[in-house]
Amino acid sequence: MSANYGSHVRARMYDHANGTLRNGVLLQPAPTGRRWWARILDAVFVLVFTGLVIGIALALSAVGVISLDAATGVCLASYPLMALVFGALYGCTVSPGQALCGVVSLQADFGRRVGFWRGMGRYLAVAFFPIVIILVIWTFLDAPTFDSVPIKVFRRTPQAR
């Protein structure tokens, strides 16, 4: 049997009063308000930098430096790219929102960082969740049914008295 067998169990048996050890320092859980503000600030950073990239691409397209097709490609790729960049920063514990709010996201059991790939995956999922919900609702509302009768809207005529 391995020497590490049950080490995670022994580590969980010692309760750190709902905190976690990080580099020998006991960190207490962050207040809910600070956690939410960190998330909100990270979302604002993603949206601002996405808008900045889109604005630069459209300005370069208007001046004639790049084509409209290239600007459209940059505009479509900028949101997922920014979500991935800020997700990587989150996974490596250097998220700007968390730094401004004075919190850090760590694994609860051993106090390790979240991880590069897990952070990117989390931010990408959070970034596209609202878009997926809208697309699913749109699909159901736009889907034709077998008993669907075409509907047209007509202008009312003034009523004769």
Per-residue Cβ contact counts at 10 Å, fewest first, order I66, I56, I131 as I131, I56, I66
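At 0.692 mPa s and 37 °C, plugging the Kirkwood radius over alpha-carbon pairs of the stretch 31-137 into Stokes-Einstein gives what diffusion coefficient in µm²/s? Present the calculation step by step, with values, prior to reporting the outcome.
Working: Rh = 15.1 Å.
D = 218 µm²/s.
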The answer for V114, listing residues at least 5 apart or on another chain whose modeled amide H is closer than 5 Å to its amide H, is T93, Q107
Under the helix-only model (-39500 (n - 2.57) for each DSSP H run of 4 or more, divided by the residues of the chain), the mean residue ellipticity at 222 nm, to 500 deg cm²/dmol, is -20500 deg cm²/dmol
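Please give the net charge around R35, taking every other residue with its beta carbon less than 15 angstrom from that of R35, where Lys and Arg add +1 and Asp and Glu add -1.
Values: positive: R34, R39, R122; negative: D42.
It works out to a net charge of +2.
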Kirkwood calc, the stretch 112-155, C-alpha pairs only, radius in angstrom 14.0
Label model pair F116, L58: point-to-point distance (7 angstrom along the Cα→beta-carbon line) in nm is 3.4
The extension gain from V132 to V94, computed as 0.36 nm times the residue separation minus the Cα-Cα distance, is 10.9 nm
Candidate cut points under chymotrypsin sites (Phe, Trp or Tyr not before Pro) in the stretch 54-127, DSSP loop plus at most 15 other Cβ atoms within 10 Å of their own Cβ, are F110
Once the dipole of the stretch 31-137 is set up from charges on Cβ (+1 Lys and Arg, -1 Asp and Glu), the residue from the list G64, S95, L81 lying farthest towards its positive end is S95
A77 and A125 label points (each 7 Å along its Cα→Cβ direction) are spaced in nm at 2.6
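No lab work stands behind these numbers, since they all come straight from the coordinates. Quick caveat, the model's predicted, so the values are computed rather than measured. A quick note on method: Cβ atoms are made from the backbone with ideal geometry, for glycine too, and the neighbour counts reach across all protein chains shown.
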